[in-house]
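The values are calculated or read from the model by the stated rules, or taken from the named source; none is laboratory data. Note that the coordinates shown come from a computational prediction; the quantities given were computed from them, not determined experimentally. With ideal geometry, Cβ positions are generated from the backbone for all residues, glycine too; neighbour counts draw on all protein chains shown. These area figures cover heavy atoms from the full protein model, side chains too; ligands, DNA and RNA do not enter into them. Shrake-Rupley method; radii C 1.70, N 1.55, O 1.52, S 1.80 Å.
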Amino acid sequence: MEFGYYPGCALHGSSNDYEQSVRACFDKLGVKLSELEDWICCGATAAHSINQKLATALPARNLAIAEKSGCANLLAPCPMCSMELIKARQAIQADEAVREEMSEIVELPVTGATEIVNLIQVFQAIGLDAIKSKVTDSLDRFKPACYYGCLLTRPPKTLRFDDCEHPSSMETILRELGAEPVEWNYKTECCGAGMTLCDPGTVVDLAHKIIANAKKHGANVIVTACPMCQMNLDMRQADVVKKFAESLDMPICYLSDMVGLALGLTPEELGINRHYVALRV
Amino acid sequence: MSESPKRLIADVERLAHTQVNDCYQCGKCTAGCPRAGVMDAGPTRLIRLVQTGDVLEAAACESVWQCVSCLTCTTRCPKSVNIAGVVDALRQISVERNITARKYSRTVLFQKEFLRNIRRNGRTNELELVAAWKLVAFFDDWSPFKALADARLGIPMLTRHKLHFKPGSPVKDKAVVRRIFDRCAAKRKSETEQEQD
């Protein structure tokens, strides 16, 4: 199985532990990732806050590169990137005028032929049976709170993935690998990661709400498929503990960390040792 | 500066791809907004201001930059109004007209530096971005406290190999990125000029 791969800035920067985890996991599962040649940033919050045209054009350039290389399915493990790519793709597919305008702006023909997939969808494509056939360790010691955050399921009309209020795709995977996912309240609440530098006060309040609720419902790890959620809940947790004077000690892992552990990979191979709050494995 | 409210509403609707008059002010967006509690004008009120043509007043609200772009409002709107899109449109208008709420100028400067960083590098160079933003923000509010906030995050990030003095693989064709930026800016300019004719 082969997927095109759009890492996005986070996975080549401060969340390179996510890239390490995804690559280690897919190596083990025999999935080949071919990185998009000369990809550029999707523009993220800055582009859609300041110039709407740019917010379509930056992802459109990447879509055009993907099409040119004949890529049918492009994995963007960061939900911010995948949402921006999907949004641009739909705008291009829906309107001939947008297609022409974007092709002209990005200097490459773009039709929106390439399908964009998130990390969970790649695991679904591999299939639970195929993953289970390679499992060496049960995850039965973990009670994960699966945290989807904002952009894995929202906006639903654009993403058409899982249920936007009660998603369960990560639970399905982890349950099959032996873990006991908990029911909790804030699966899709925002952690404010986009404002982690500009407005840390807000972010600490939002992160507290999420981590404390997961703990209250008996979780011993929060599992996410978003580099910004992971970084924010993990790195800012010390600030949360300080502000709210309560012990949380909640490790924050990527979905690929959990699958990787089940496949017998070590925390070092997955980059879990580079997180802030230690996971007891 | 007297500007036709009609024209301003049309601008918001074109940028956000939505019809603001579809909103019947039920308040569901504000009920689900994680930031509503601290906002000067929640999403329901922002939409109302746009409906009545008070677009510039809406764009100058603090809430426009307090929004964390989580899209809960757009997701839950029973009338399918793209509320988060309207907030983005208001952000863009507030930046273009330099009427952003003073209290959130650091946030605005961050978004501007982010784009400048991509324009220059094609991909974000995080260390360069944070340094540049801290510097421009310091010359804006002269707060050494804010300038040094989060500096303590640097060392733990370095020891975890999460921060890099030399970023990973650079973009080869950086010139095309600059051309894309320039074309988008030019398109926006010609669109707004056409409207004024």
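A few remarks follow.
- Filtering the stretch A:212-236 to residues that are out of contact with any helix residue (DSSP H, G or I) (no Cβ under 6 Å at 6 or more places or on another chain) and away from chain B (no Cβ under 12 Å) leaves A:212, A:213, A:214, A:215, A:216, A:217, A:218, A:219, A:220, A:221.
- Looking across the stretch A:214-247, the residues that are free of Cβ contacts under 8 Å to residues at least 60 places away in the same chain and more than 23 Å from the chain's Cα centre (by Cα) come down to A:216, A:239, A:241, A:242, A:243, A:244, A:245, A:246, A:247.
- Taking the numbered list (1) within 13 Å of chain B (Cβ to nearest Cβ); (2) surrounded by 24 or more Cβ atoms within 10 Å (Cβ to Cβ); (3) out of contact with any Asp or Glu (no Cβ under 7 Å at 6 or more places or on another chain) in turn, residue A:66 passes all entries but (1).
- Number of the exception - residue A:173 against (1) touching a residue at least 12 places away in the same chain (Cβ under 8 Å); (2) open to solvent by 10 Å² or more (accessible area, probe 1.4 Å): (2)
- Whenever a residue of the stretch B:129-143 is without any contact (Cβ under 8 Å) to a residue 40 or more places away in the chain, its partners that are surrounded by fewer than 19 Cβ atoms within 10 Å (Cβ to Cβ), lying with C-beta atoms within less than 6 angstrom and at least six residues away or across chains, give the pairs B:134/B:147; B:138/B:147; B:140/B:105.
- Checking each residue of the stretch B:38-55 against the condition of being in a helix (DSSP H, G or I) and within 12 Å of chain A (Cβ to nearest Cβ) gives at least one match.
- Candidate set from the stretch B:153-197 (those that are over 27 Å from the mean Cα position of the chain (by Cα) and loosely packed, with under 11 Cβ neighbours inside 10 Å); member that is nearest to residue B:131 (Cα to Cα): B:165
- Each residue in the stretch A:21-33 was checked for being within 14 Å of another protein chain (Cβ to nearest Cβ) and in contact with a Ser or Thr (Cβ under 8 Å, 6 or more places away or on another chain), and 1 pass.
- Qualifying residue in the stretch A:139-159 (condition: surrounded by fewer than 20 Cβ atoms within 10 Å (Cβ to Cβ), farther than 28 Å from residue B:29 by Cα and not basic (Lys, Arg)): yes
- Test result for residue B:93, β-branched (Val, Ile, Thr) and open to solvent by 60 Å² or more (accessible area, probe 1.4 Å): no
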